Amino acid sequence: MAVVRTESLRIAPAAAYRGTFAPLAAEPKPTGELPPGWEGIYFPFDSALADLRPDGSPADDGVLPVIDLPRRMYAGEDTVFHRSLAYDDVVEQRVQAGAVVEKEGRGGRLVFADVERSYLVAGELAISSVWHDVFLEAAKPGAVAKPPAPAPDAEWAWTESLTLDSRQLFRFSALTFNTHLVHYDRDWARGVEGLHDLLVHGPLVRMLLLDYAVRSQPGIKVERFSVQMQAPVFVDAEVRLVGRETESGSEVLVVDAQSGVLARGLVTAR
């Protein structure tokens with residue numbers, strides 16, 4: 001069964017995102033076009049406090065079944081842009097569960113769960129997206145994370161550095177009503193999740209990669225965007241965004257100081 005919500009695309013959330021993460025983007029104006037990917041700051045999480053897991057992520061959201069694993073992480077997303085959204089559009093969002101698959105991994109039991117989202121204006125489909133989450137067992141004390149795979153040996157046409165600080169993580173959490181402790185509680189991130197530091201939100205990485213691709217290819221019309229999170233992006237750690245054109249659009253990566261791939265995005269142009 002789908003969960004349905006309706007929201008007007010107010011300028012304020014987009015202006016807050018632009019002022020924090022995308023100062024080079026066009027200033028939001030009434031009836032102006034919403035940049036692709038920016039639907040991610042609308043329809044914030046709305047689970048009641050009593051329906052959160054100990055880590056702050058939703059447990060019972062009316063979409064996915066309750067999964068008996070203690071950790072939940074964003075693994076990526078596949079999005080199709082059927083038509084543009086505009087500021088002041090009244091948008092209906094429909095959310096339903098997709099595939100839920102249990103597997104056994106290096107760290108134990110895993111459950112991969114998809115959340116399917118559709119965005120409609122006056123009954124016409126504008127955006128469809130499949131959000132991929134993974135549920136994990138508790139982090140094992142002293143476990144050493146597998147290093148990220150090296151970036152392809154390629155000529156990258158675009159490159160720029162990026163460092164996100166705790167103020168920016170707080171603002172994105174506030175914009176999206178994301179209460180996951182890994183983004184603002186260092187004791188939890190390090191002691192419970194076994195992470196090096198605070199984790200940058202996966203959905204934020206998605207938006208930043210798509211912004212980067214659009215900024216690097218002026219005039220591009222995005223039809224599809226797929227992103228895979230491959231390793232954690234941490235607060236205060238300098239990373240590089242790199243990209244290149246492809247036959248169908250572009251490829252953009254987040255890479256660390258050792259050129260390990262932390263996230264990969266593929267853009268398909270119209």
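When ASP51, ASP46, ASP61, ASP68 are screened for being surrounded by 17 or more Cβ atoms within 10 Å (Cβ to Cβ) and more than 30 Å from ALA269 (Cα to Cα), only ASP61 passes.
Assessment of the stretch 150-173 against the conditions (assigned to a helix (DSSP H, G or I), among the small types (Gly, Ala, Ser) and open to solvent by 30 Å² or more (accessible area, probe 1.4 Å)) yields at least one matching residue. Would you check if GLY194 is at pLDDT 95 or above, buried (at least 17 other Cβ atoms within 10 Å of the Cβ) and small (Gly, Ala, Ser)? Judged against the criteria, GLY194 is not a match.
Across the stretch 215-227, the number of residues qualifying as open to solvent by 70 Å² or more (accessible area, probe 1.4 Å), out of contact with any Asp or Glu (no Cβ under 9 Å at 6 or more places or on another chain) and either touching a residue at least 24 places away in the same chain (Cβ under 8 Å) or closer than 13 Å to SER129 by Cβ (or both) comes to 2. Could you list, in sequence order, all residues of the stretch 252-270 that are more than 30 Å from ARG186 (Cα to Cα), open to solvent by 10 Å² or more (accessible area, probe 1.4 Å) and at pLDDT 95 or above? The answer is LEU266, THR268, ALA269. Among the numbered conditions (1) in a strand (DSSP E or B); (2) surrounded by 16 or more Cβ atoms within 10 Å (Cβ to Cβ); (3) touching a residue at least 40 places away in the same chain (Cβ under 8 Å), the only one that GLU116 does not meet is (3).
Just one of the listed residues (VAL235, VAL205) is buried (at least 18 other Cβ atoms within 10 Å of the Cβ), of a type in the set (A, V, I, L, M, F, W, C), under 17 Å from GLY40 (Cβ atoms) and in contact (Cβ under 8 Å) with a residue 12 or more places away in the chain, and it is VAL205.
Exactly one residue among VAL100, VAL91 is aliphatic (A, V, I, L, M), open to solvent by 60 Å² or more (accessible area, probe 1.4 Å), farther than 26 Å from ASP185 by Cα and at pLDDT 95 or above, and that residue is VAL100. Being hydroxyl-bearing (Ser, Thr, Tyr), touching a residue at least 12 places away in the same chain (Cβ under 8 Å) and over 23 Å from ARG224 (Cβ atoms) is a condition met by no residue of the stretch 122-137. Filtering the stretch 1-55 down to residues that are hydroxyl-bearing (Ser, Thr, Tyr) and in a loop (DSSP other than H, G, I, E, B), which residue is farthest from VAL205 (Cα to Cα)? If we take residues in the stretch 1-55 being hydroxyl-bearing (Ser, Thr, Tyr) and in a loop (DSSP other than H, G, I, E, B), then THR31 is farthest from VAL205 (Cα to Cα).
The values are calculated or read from the model by the stated rules, or taken from the named source; none is laboratory data. Everything numeric in this text was worked out from a predicted model, so none of it was measured. Please note: Cβ atoms are built from the backbone with ideal geometry, for glycine as well, and neighbour counts cover all protein chains shown. Note: areas computed on protein heavy atoms with side chains; ligands, DNA, RNA excluded. Shrake-Rupley method; radii C 1.70, N 1.55, O 1.52, S 1.80 Å.
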